[in-house]
Amino acid sequence: MIALALLVAAPLSAVPAVAAPANPSVSTLEAVTLVNPNDGGTAIELAQAYLRADRPGEAMNHYRRALALDNVMLETRFGDAIWSHTVARQALKTVTAVSSR
């Protein structure tokens with residue numbers, strides 16, 4: 001399983017950021033998470049992929065996971081810097097509000 005994850009993740013690290021897909025698939029991010037389970041940025045990306053896939057429960061779990069990991073600086077698509085814990089807290093508020101409707 002880990003070898004498969006390495007095979008999936010290896011091409012991603014060799015591709016320049018400009019050529020990387022704008023919205024990586026859930027399966028790709030799950031594989032990357034297996035390779036580096038303690039990366040808060042990857043946990044955030046996986047949570048957002050789960051939201052795009054209409055899987056809010058799994059998204060909430062990964063946002064909580066990001067809060068349990070180190071607070072890392074992330075870059076938004078506009079080039080701004082934001083902390084992973086800030087993203088996770090804001091997302092949990094939004095996901096919880098939407099799921100309670």
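The values are calculated or read from the model by the stated rules, or taken from the named source; none is laboratory data. Values in this document were obtained by computation on a predicted structure and should not be read as measured data. Glycine gets a Cβ as well: all are built from the backbone with ideal geometry, and neighbour counts include every protein chain shown. With ligands, DNA and RNA removed, areas are computed over all heavy atoms of the protein, side chains included. Shrake-Rupley method; radii C 1.70, N 1.55, O 1.52, S 1.80 Å.
In region 32-71, the residue that is farthest from the chain's Cα centre (by Cα) out of those that are farther than 22 Å from THR96 by Cβ and outside any helix (DSSP H, G or I) is ASP70. Among the residues of region 15-37, is there at least one that is at pLDDT below 95 and in contact with a Phe, Trp or Tyr (Cβ under 7 Å, 6 or more places away or on another chain)? Within region 15-37, one or more residues are at pLDDT below 95 and in contact with a Phe, Trp or Tyr (Cβ under 7 Å, 6 or more places away or on another chain). Selection of region 75-101 for residues being touching a strand residue (DSSP E or B) at 6+ places or on another chain (Cβ under 8 Å) and open to solvent by less than 40 Å² (accessible area, probe 1.4 Å) yields SER84, VAL87. With the requirement that a residue be of a type in the set (S, T, N, Q) and farther than 12 Å from THR42 by Cα, what does region 72-93 give you? THR76, THR86, GLN90 - these are the residues of region 72-93 that are of a type in the set (S, T, N, Q) and farther than 12 Å from THR42 by Cα. A count restricted to region 42-62 and to residues that are surrounded by fewer than 16 Cβ atoms within 10 Å (Cβ to Cβ) and either polar (S, T, N, Q) or touching a residue at least 60 places away in the same chain (Cβ under 8 Å) (or both) stands at 1.
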